[in-house]
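Colleague: Take this structure first; my questions come after.
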Amino acid sequence: MIHLLQKKVLKMKSKVLFLFLIAGLVSCGGDKPKNAEAVEANKETPNNFVVEIDAIYEKNDSLVFYYEVDGTVKYENPVTLKVNGSPEPQLLKVEMPKGIALENLTYTVSTNKEQLKVKITNISIKNGDKVIDGRDFKYSEYFMSDESFKWNDADKSYIVSHDNKYPPAFVGNDNLRAKLFDNVK
């Protein structure tokens, strides 16, 4: 009789253990997809900064972009863009290296010494769905220029001088630094 009772208790313990095991597997199995989705949703997509410029370059030119990361301007790795001259406005897109946390930007507006005039209406910087809007000359809030530029109010363009030590460039100011900081992923 004791032997039968022990068998029943052992069977019952086995069934209870089996039920706990099944319940544990089912509940863990249910959590995994939800947890995996949460992990995927929280994964940050890498930074992918794109500079968009609306401009008129009447002569062929080469633009150079120096970017700052970790407090250092990467002079040894600039991003360049060849521009075909045209009297018509052009949308120029420049992709910065993927994954960088862009802190500031210097845009060499012209390296062609024959380029005497440039009309720039937009310098916007995008990082995914985040945008620093520089349309309608708002980019002047984010960039400083040097003595290489003289504003021509008649046609809203810059008269460009190549007589200085460095090529004419726009350098990002503190406003741009703050906006870039807000746009880094």
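The values are calculated or read from the model by the stated rules, or taken from the named source; none is laboratory data. Bear in mind the structure is a predicted one, so any value in this text is a computation, not a measurement. Don't worry about glycine lacking a Cβ; one is built from the backbone with ideal geometry, like all the others, and counts go over all protein chains shown. Note: areas computed on protein heavy atoms with side chains; ligands, DNA, RNA excluded. Shrake-Rupley method; radii C 1.70, N 1.55, O 1.52, S 1.80 Å.
Colleague: Accessible area per residue of the range 65-185 at 1.4 Å probe, in Å²?
Modeller: Per-residue accessible area for the range 65-185 comes out at 57 Å².
Colleague: At 7 Å along the Cα-to-beta-carbon direction for both E58 and D182, put a label point, then send me their distance in nm to one decimal.
Modeller: 3.8
Colleague: Quick one: which of 64-74, 89-99, 110-120 comes out on top by average Cβ neighbours within 10 Å, and what's the full order, highest first?
Modeller: Sorting 64-74, 89-99, 110-120 by mean packing, highest first, produces 110-120, 64-74, 89-99.
Colleague: Using 22 Å as the Cα-Cα cut-off, could you pick out the over-long pairs in K74/K117; K82/K117; K59/K82; K126/K150?
Modeller: Listed pairs above 22 Å: K74/K117; K126/K150.
Colleague: Using a 1.4 Å probe over the heavy atoms of the protein chains, calculate the carbon and sulfur portion of the accessible area of the range 44-185 as a whole percent.
Modeller: The nonpolar share, carbon plus sulfur, comes to 49 percent.
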